[in-house]
Amino acid sequence: MDLRIGYQFKREDIEFPIIQGINNVFRRATSKWQEDVQLWLSHVAFSKKWGTKSQLSKVFSTMLAIHPDKPSLWIMAAKCEMEERNSSESARHLFLRALRFHPENKKVYQEYFRMELMHAEKLRKQQQELERAKIDVGEYEFSPEILGGKLAEVVYRDAAQKIKGAEFMLSLLQIAAIFDFTKNLQDTILQDLQTRHTDDSVTWDFMARRELEAAGAPELQSAQGRASDTSRREERCCAVYEEGIKSLNTEPMWTCYVTFCLDRFKRKTNIAELKEKRRERLLGVFQRAHDASLLQESFYKTWLQVLLSSGETESAAQVAIAATERFSQSVETWSLSLQTLVSLQRAEAGLLFQEALKHVNPKESLPLWQLQAEWSMASRTPEETEALFQKALTSPVPAISTALKETYLEWAYKTGGYKRARKTFKSLQEHRPFTKTFFTKMVQIEKDQEKPKISNLRDYYERALREFGSSDDDLWMDYIREELGTHGSPENCGKLHWRAMKSLVGESVERFTTQYTLLQTGHI
């Protein structure tokens, strides 16, 4: 049975027992491990490739008897009936059974609806082919109702009664829109949407955005003409959103309106007039949503970006402050607003840092402390910055005092050189908790000097190992390299190795042993 030479003799006689044997193995396995869905799916895949269509149906049937609680399996089985066996009747039967188990499952309804439309489309194609061939179908006639998607409409009506909400209805409308014979069905769904769901922002958003696709002027040649047409369409969209806001003044409704304006603002255009109109509209809607206290927190960042890129710094500062009043406990909003005020060099920044730390949960306030430290180092007196660092050290939140120690040491070195850094390090060296970086920064500062002192380096490493010696194999290796270097004593390496092997625990011992061996053999 060599495929290369096309030898097919007794191929079926050879294959059949093998396929049967594998099927028997699958049957025994799925009988023993009935809960293993993946195993069932493997049997399905095998049957699709090698089995008969009736055998595939049997596998699905047995699987669904054991797993009727999984909607995805019902859908898969129905699709298989439709695609593999070309049987819309069996597919329909499976969907109806699935709905008995899952009467409110959106996905089952969506796929059932799609199946009925595909069935109608297939019948329409068959009819067209018969007509083209001028074949007299005699008594067999295609029902106009079924050809027009009447069965799909029945599914839609049933679904709309069981499952409420504009979003689900729109999902069915989008499925219907794929097929070119469903205008009446689409109109029905649209009508129901507008009758039943005007209390849902999704409906208004859909109706407004439809205005963009509404038939406009004939093909316009000039860019200016096209831009004017686009502008008119956008105005019509906004008119629908305005109607929506009147009857539904909620955060989701404003979110839809803002998102639309933002989408249009981001679209590229070479027509300055259209660009400016979109910018003004966006800023106006931002402001109105904010005034109504219904602007989503995430939009303030974009609002500030648009204002700053337009050079409207005064407005940006006001929006930044207003945002912190509205979301006074949000670290993200405080960070964003304070960064804006710092970049604009506003005097209010100092007081607002204090306000922020009063309102925000201390456990979440590290980004604000870091931002304040950066601002203070860049624009305040050394005395004020020193006071800020001292205050941070007394924070009851370990993460704050730990992180700010590193920044404090860096700042001391930048502003007062080596002596100041040494003095700061000494004042903090017993002030737990620490990070490894706090010690390695001081090691680096020492090594940056013209004549680094090995006694100081040893002191820093010993202090670091007191904190992290049981888990950080890299720290031991760095210390050993230091002793092997210009200023160290190589004879100390043996002692350090012995100490490391005693101190390290778990996987770090193996990593250290490997690295130490590579170092000794000259590989690193």
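The values are calculated or read from the model by the stated rules, or taken from the named source; none is laboratory data. Computed from a predicted model, the values in this text were never measured in an experiment. Quick reminder, even Gly has a Cβ in these numbers, built from the backbone with ideal geometry, and neighbours come from all protein chains shown. Quick note on the areas: whole protein, heavy atoms, side chains included, nothing else; ligands and nucleic acids left out. Shrake-Rupley method; radii C 1.70, N 1.55, O 1.52, S 1.80 Å.
Just one residue in the set Lys441, Lys423 is touching a Leu at 6+ places or on another chain (Cβ under 8 Å), over 21 Å from Trp375 (Cα atoms) and either among the acidic types (Asp, Glu) or open to solvent by 40 Å² or more (accessible area, probe 1.4 Å) (or both); that residue is Lys441. Within the range 155-173, being among the polar types (S, T, N, Q) and touching a residue at least 40 places away in the same chain (Cβ under 8 Å) holds for one residue alone: Ser171. Residue pairs whose Cβ atoms lie under 9 Å apart, sitting 6 or more positions apart in sequence or on different chains, and linking a residue in the range 373-395 that is on the phi < 0 side of the Ramachandran plot to a partner that is of a type in the set (Val, Ile, Thr) and open to solvent by 50 Å² or more (accessible area, probe 1.4 Å), are Met377/Thr415; Pro382/Thr415; Thr385/Thr415.
Taking the range 435-468 as the range and being assigned to a helix (DSSP H, G or I) and among the charged types (D, E, K, R) as the test, the residues that pass are Lys436, Lys441, Glu446, Lys447, Arg458, Asp459, Glu462, Arg463, Arg466, Glu467.
Taking the range 277-293 as the range and being touching a residue at least 40 places away in the same chain (Cβ under 8 Å) and aliphatic (A, V, I, L, M) as the test, only Ala292 passes.
Within the set His487, His497, the sole residue that is open to solvent by 30 Å² or more (accessible area, probe 1.4 Å) and in contact (Cβ under 8 Å) with a residue 24 or more places away in the chain turns out to be His487. The set of residues in the range 135-160 that are at pLDDT below 90, part of a helix (DSSP H, G or I) and not hydrophobic (A, V, I, L, M, F, W, C) comprises Pro144, Glu145, Lys150. For the range 500-524, the set of residues classified as of a type in the set (Lys, Arg) and loosely packed, with under 14 Cβ neighbours inside 10 Å consists of Lys502 only. Scan the range 331-356 for residues that are out of contact with any Leu (no Cβ under 7 Å at 6 or more places or on another chain), among the hydroxyl-bearing types (Ser, Thr, Tyr) and more than 19 Å from Ala289 (Cα to Cα) and jot them down. Across the range 331-356, the qualifying residue is only Ser343. For beta carbons closer than 6 Å, sequence separation of 6+ or different chains, a first residue in the range 433-458 that is on the phi < 0 side of the Ramachandran plot and a second that is surrounded by fewer than 13 Cβ atoms within 10 Å (Cβ to Cβ) and part of a helix (DSSP H, G or I), the qualifying pairs are Pro433/Pro398.
Considering Ser471, Ser489, the condition of being within 25 Å of Leu428 (Cβ to Cβ), of a type outside the set (A, V, I, L, M) and assigned to a loop (DSSP other than H, G, I, E, B) is satisfied by Ser471 alone.
No other residue among Glu430, Glu410 is more than 24 Å from Thr486 (Cα to Cα) and outside any helix (DSSP H, G or I) apart from Glu430.
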